[in-house]
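S.K.: Provided herewith is a single structure, encoded as structure tokens, for subsequent inquiry.
The values are calculated or read from the model by the stated rules, or taken from the named source; none is laboratory data. Because the structure is predicted, anything quoted here is derived from the model rather than measured. No Cβ is skipped: glycine too gets one built from the backbone with ideal geometry, and neighbour counts run over all protein chains shown.
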Amino acid sequence: MDNKAMMKAIADKVGQEKALEIVMQAYNTELITTWIARIEANKPLGGPQRRDHMANALERVMEVCKLLS
């Protein structure tokens with residue numbers, strides 16, 4: 001499932017405004033988690049390996065939405 005389809009599925013479950021809010025919170029959590037891991041490991045921010053934070057955030061929210069079913 002691509003990002004757009006996941007976002008639509010989430011919005012169908014909770015409404016568009018709430019979907020935007022919870023996905024953005026999950027996205028921020030993904031970013032902070034990455035930053036903290038790099039700081040703890042004493043690694044520089046950025047670098048050649050980039051994670052798809054938006055896809056990870058959408059997947060986290062989708063997992064919770066599936067619990068509603």
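S.K.: For GLY47, are the conditions met, namely being at pLDDT 90 or above and over 14 Å from the mean Cα position of the chain (by Cα)?
M.R.: On the way: at pLDDT 90 or above: no; over 14 Å from the mean Cα position of the chain (by Cα): yes.
Taking the combined requirement at face value, the residue does not satisfy it.
S.K.: List every residue pair whose Cβ atoms lie under 7 Å apart, where the two residues are 6 or more positions apart in sequence or sit on different chains, the first residue falls within segment 8-22 and is within 15 Å of LEU68 (Cα to Cα), and the second residue, located anywhere, is loosely packed, with under 14 Cβ neighbours inside 10 Å and not small (Gly, Ala, Ser).
M.R.: LYS13/LEU68
S.K.: Pairs needed: first member in segment 37-60, under 30 Å from LYS18 (Cβ atoms); second member anywhere, among the charged types (D, E, K, R) and modelled with pLDDT of 70 or more; C-beta distance under 6 Å; at least 6 residues apart or different chains.
M.R.: Qualifying pairs under 6 Å: HIS53/GLU30; ASN56/GLU30; ALA57/GLU30.
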